[in-house]
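Reading through the structure tokens given below for one structure.
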Amino acid sequence: IGDMDPALQAKLLKLLEEKTVRRVGSLRDQRVNVRIVAATHRPLEALVREGRFRADLFYRLRVVQLELPPLRDRGGDILRLAEHFVKSHASRYGKRAPTLTPSAQNALTRHSWPGNVRELRNVLEQAVLLAPDGRIEARQLTLSSNAAEVAGASPGAQAPATLAEMERQMLSRALERSGWNVSRAARELGLTRDTLRYRIEKLGLADASR
């Protein structure tokens, strides 16, 4: 909510006050009965003082206020969230959900998580892509302290800039090891043959030897 521009703030305030909305392209308002749950990582009171957030909207929203402690202070939640994200990402990529080894669990619980839940989610998305044997090891977690250690890279190697690039490298290596035998590469990666074919096409991979 703290990133909302002034025009959207005005529309949200109108919704809260009048309980009506107008669809895009419509000429009439519709009554609605909703509750707003808003979140922010920005100091709203300071934004109000600076004139960057509407005071009337701030007080309208501030009915019940909850402060969530940072992830590093919620040790019991880290592994539960990690398991959830592993399953979610594995389903998204058409893979069997890998297991978190004790070393990975230890690394997750010891990390300070400056990026909170969003960082945890992204770290585990990368780990799911880098776990072809069905196990996530600590070395496959691209935490701030070991971000260079990606996919068995040497200490001086540069980590891929994006998840797409990371996935492209991982699939390319598996395909090269299998001599571009899609079935064999799919087994190594823990993917179905159809899923691997789809990812090859989506990422624009091609056999360089041809």
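Observations on the model:
- All positions within the range 13-26 that are in a loop (DSSP other than H, G, I, E, B) and not aliphatic (A, V, I, L, M): LYS19, ARG22, ARG23, GLY25, SER26
- A single member of LEU108, LEU100, LEU124 is more than 18 Å from ARG199 (Cβ to Cβ), touching a Phe, Trp or Tyr at 6+ places or on another chain (Cβ under 7 Å) and modelled with pLDDT of 90 or more, and it is LEU124.
- When the residues of the range 63-121 are filtered to those that are acidic (Asp, Glu) and exposed (fewer than 13 other Cβ atoms within 10 Å of the Cβ), the one that is nearest to THR40 (Cα to Cα) is GLU67.
- Long-range neighbours under 9 Å by Cβ, at least six apart or interchain, first residue β-branched (Val, Ile, Thr) within the range 163-176, second in a helix (DSSP H, G or I) and modelled with pLDDT of 80 or more: none
Condition check ((1) over 16 Å from VAL117 (Cβ atoms); (2) part of a helix (DSSP H, G or I)) across all residues:
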residue: MET4; (1), (2): yes, no
residue: LEU8; (1), (2): yes, yes
residue: LYS11; (1), (2): yes, yes
residue: ARG28; (1), (2): yes, no
residue: ASN33; (1), (2): yes, no
residue: ILE78; (1), (2): no, yes
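- Cβ-Cβ contacts under 9 Å between residues 6 or more apart (or on different chains), taken from a first residue in the range 123-144 that is touching a residue at least 40 places away in the same chain (Cβ under 8 Å) and under 20 Å from TRP113 (Cα atoms) to a second residue that is in a strand (DSSP E or B) and not hydrophobic (A, V, I, L, M, F, W, C), are listed as VAL128/LYS95; ILE136/THR99.
- Close pairs (6 angstrom Cβ cut-off, 6 or more residues apart or separate chains): free of Cβ contacts under 8 Å to residues at least 60 places away in the same chain in the range 89-108, among the hydrophobic types (A, V, I, L, M, F, W, C) and in a strand (DSSP E or B) anywhere: LEU100/ILE136; ALA104/ILE136
- Taken as a whole, the structure places VAL48 among residues that are assigned to a helix (DSSP H, G or I) and either within 30 Å of ASN116 (Cα to Cα) or β-branched (Val, Ile, Thr) (or both).
- Looking only at the range 149-185, and only at residues there that are hydroxyl-bearing (Ser, Thr, Tyr) and more than 15 Å from GLU125 (Cβ to Cβ), the one that is modelled with the lowest pLDDT: SER154
- One residue stands out among those in the range 16-38 that are at pLDDT 90 or above and within 16 Å of VAL63 (Cα to Cα): the one that is surrounded by the most Cβ atoms within 10 Å (Cβ to Cβ), which is LEU16.
The values are calculated or read from the model by the stated rules, or taken from the named source; none is laboratory data. All of these numbers come straight from a predicted model, not from anything done at the bench. Please note: Cβ atoms are built from the backbone with ideal geometry, for glycine as well, and neighbour counts cover all protein chains shown.
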